[in-house]
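A.B. asks: Questions regarding the structure given below will be posed in turn.
Computed from the coordinates by the stated procedures, all read-outs in this text should not be read as laboratory data. Just so it is clear, the structure is predicted and the values come from calculations on it, not from any experiment. As a convention, Cβ positions derive from the backbone with ideal geometry for all residues, glycine included, and neighbour counts pool all protein chains shown.
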Amino acid sequence: MSSISTITPGASREDQVTIGQPPQEDSYSTALAQSMKRQENSQSTSSVPEMIQEAREKADAHAEQLKKLAKVTPRYGDAPLEAYARISRARTPAQAGSAAGYARRRLIQLQSAARSDPDHADEIKAAIAQTQKAVTRANRKKLELNREQLSRARMKRMAQEKRRREEQRIRQELRRSQSMRAIREAGYFRETDIANRLAGQLSATKMELRQQAEQLGETAQKSLDAAMQGYSIGTQLATVDVDAPVQAPQVNVQA
């Protein structure tokens, strides 16, 4: 029996099939290769945006990490220390008033930082408290220096009037006042240093506890996700087992 072939004009090689004869192997190979190529191109095309998005996310994460490493921790405790240093160096009422003005300016800056830097709230709070004290203490020293100027003027008048005993009493009071003030000013630095250290330790402890809580939260989330995934897989398997059609046994009736 001769084979009959049908050829449609304009049809491709894959569409031209010879009736009564098995398809040619090269036709199937060509069609399979083209199908695989189209599928590969489709997969590569769909994955390009995902790859770009993933690369962008990695770059952003790396930039954020570099920013955190480059960020220098501000030393808020230096503000009251500098204010007390200026108070200690003040020898005239004008210099004491200047130290008070400096403390007030730094106090405004610290109050602004308290609203913009919650990560160092304890350190800022301690610095604000000490700077507020610095303003009060600078004004107090200004009054004391004014009284000392009056005491020197009285000493000069007592010397002119040859009232040696009264001059000696005023001088002793002046020296005692200066000694007590020097002791107080030295205590200001120790007080501020202790407050800064306590605030720094408190901030470090809170940060460490926060990091541990975040790590525990991530671990718990991963465990929950794994449990949910396992439950989902088990449910799918159970559904497949229940919904699977029961095949009737085939009986061969051919003798």
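A.B. asks: Mind ordering 151-162, 116-127 by average Cβ neighbours within 10 Å, highest first? Mind showing how you got there, number by number?
C.D. replies: Details: 151-162: 13.1, 116-127: 17.8.
The densest-packed peptide leads the list: 116-127, 151-162.
A.B. asks: What's the extension gain from Q172 to I194 if we count 0.36 nm per residue and subtract their Cα-Cα distance?
C.D. replies: Values: separation 22, 0.36 × 22 = 7.92 nm, distance 3.34 nm.
Using 0.36 nm per residue and subtracting the Cα-Cα distance, I get 4.6 nm.
A.B. asks: Further, regarding this structure: Per residue and in cubic angstrom, what volume does the convex hull of the Cα atoms of segment 78-210 have?
C.D. replies: Working: hull volume 9.7 nm³, N = 133.
Considering the Cα atoms of segment 78-210, their hull volume per residue is 73 Å³.
A.B. asks: Can you tell me, using C-alpha contacts under 8 Å and at least 6 residues apart, the relative contact order of segment 78-210 as a whole percent?
C.D. replies: Values: 110 pairs, mean separation 41.4, N = 133.
RCO, segment 78-210: 31 percent.
A.B. asks: Once you list every other residue whose beta carbon is under 14 Å from the beta carbon of A199, what net charge do they have if Lys and Arg are +1 and Asp and Glu are -1?
C.D. replies: Values: positive: R75, K125, R197, K206; negative: D78, D117, D119, D122, E123, E191, D193.
Once positives and negatives cancel, what remains is -3.
A.B. asks: Which one, M180, I124, G200, projects farthest toward the positive side of the charge dipole computed for segment 78-210 from Cβ point charges (K/R +1, D/E -1)?
C.D. replies: M180
A.B. asks: List residues of segment 178-199, by number, whose backbone nitrogen lies under 14 Å from a label position 7 Å along Cα→C-beta of R157.
C.D. replies: Counting only backbone N, you get no residues.
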